[in-house]
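What follows is a single structure, written as structure tokens, with notes after it.
Readers should treat all values here as calculations from the given coordinates under stated rules, not as data from a laboratory. Just so you know, these numbers come straight off a predicted model, no measurement behind them. Positions of Cβ are backbone-derived with ideal geometry, glycine not excepted, and every protein chain shown enters the neighbour counts.
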Amino acid sequence: MAGIGMLFGAAGASWAQSRYNLQPPQSPIATQIYDLHMLVLVICVIIFVGVFSFMFYAIVKHRKSVGHKAAQFHENTTVEIIWTVIPFFILIGMAYPATKTIIAMKDTSTPDMTIKATAYQWKWGYDYLNGEGEGISFFSNLATPKAQIEGSRPKGQSYLLEVDNPVVVPVGRKVRILTTANDVLHAWMVPALGVKQDAIPGFIRDTWFKAEKPGTYRGQCAELCGKDHGFMPIVVEAVEPEKYAQWVAEAKSKQGASVVDPNKQFTLAELMALGEKVFAGNCAVCHLASGKGMPPAFPALNGSKVATGPKDAHVKLVLSGKANTAMASFKQLSDADLAAVVTYERNSWGNKAGDLVQPAEVKALRK
Ligand SMILES: [Cu+2]
């Protein structure tokens, strides 16, 4: 495949920047995919030009008005053999490198590290399963401000391709990604790294990449059916190994701080502070930071019967969601996050329930 790259050496560099071509490849597999794409394109163009040149030449040169008579012949064995054998070799010429690439894509053996990517409606959760980062896990939410989506502010450069917590990986390491889903089909795709793998509820699929250069690589959930797959982007941050070690240390200490003793009693102020963050990250897209929602689609929580009613019912609704509505289950949040967000809803905007929910109460209601 190096040949094709060399053949188009000079042109290749500028094509790589083109908005009409695939994204510039940044991993060995992406490079193979890119080269395959160019090879097949060139073969198609050669065939196209060859066939149509010959055809138009024949039509013009042998037209009736200059006195040509159609030749009458059929069953010319030589021609039939030629037009079978030539396409056969063209197909083999394309299938052989394509098969090699597919086999390489599927070869997830001997990875340097493994990350599980779990899809949720509508975000990604990541768990670092081994290596230096073992034990790190976080959610990655769309970070594009609502005002840009609604058009009241100009769109940023990474519009809908930015998240709060990117997946950080070291460059030059083979990273295996396990994909699965919590609810519906999703797909983990990062074009520049040459990966696209369906995330299927109840199944684990895997894929891999090796980022060659430090950089930020952006992708999207590539599943079509479902209204918000376009709002759960994927961002992979590839960094030098020293920077990666630093990130791991920071992520672990942050995580250590948020893992709380399940029996810890929080104060109202603590719960409200944490709750505001959890609400902004998980609930405000629908219910709005003002708690006013967007009725009738998304009810206001300000003055809501549930948010000011018995707290067990309130916790249960957030834990289980409401079937057949956009209100999904949030059981993947920690007991502390759930206790905080429910407390926050009960005591924010105009709501004055005055009570608070402790993580232990959420834990008891999970059953
Ligand atoms: Cu999705």
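Brief remarks follow.
- Residues ILE177, ILE82 arranged by fewest to most Cβ contacts within 10 Å: ILE82, ILE177
- The overall shape of segment 245-367, judged from the alpha-carbon gyration tensor, is prolate: a/c is not under 1.5, and a/b is greater than b/c.
- In terms of its C-alpha gyration tensor, segment 177-222 comes out prolate, because a/c is 1.5 or above and the ratio a/b outweighs b/c.
- Largest first and in whole Å, the equivalent-ellipsoid semi-axes of the chain read 55, 25, 18, each the square root of five times a Cα gyration tensor eigenvalue.
- For segment 113-258, convex hull volume per residue from C-alpha positions, Å³: 113 Å³
- Based on the Kirkwood approach, the hydrodynamic radius assigned to segment 195-277 is 17.0 Å, with every pair of different Cα atoms included.
- Shape call, segment 17-113: gyration tensor on alpha carbons, a/c limit 1.5: oblate
- Helix runs (DSSP H) in the chain reaching 15 Å along axis by Cα, Kyte-Doolittle at least 1.0: 28-61, 77-106
- Across the options PHE73, THR179, ALA147, the greatest Cα extent toward the positive end of the charge dipole of the chain (unit charges at beta carbon of Lys, Arg, Asp, Glu) belongs to PHE73.
- Computed over the chain with a Gaussian network model linking Cα atoms closer than 10 Å, the most mobile of TYR217, TYR96, TYR344 is TYR96.
- Gaussian network model of the chain, Cα within-10 Å springs - most flexible of PHE89, PHE298, PHE52: PHE52
- Candidate lysines for bridging to LYS106, where Cα separation is under 24 Å - those fewer than 8 sequence places away on the same chain excluded: LYS116, LYS174, LYS196, LYS210, LYS213
- The chain, helix-only ellipticity at 222 nm - DSSP H runs n ≥ 4, -39,500 (n - 2.57), divided by all residues, nearest 500: -13500 deg cm²/dmol
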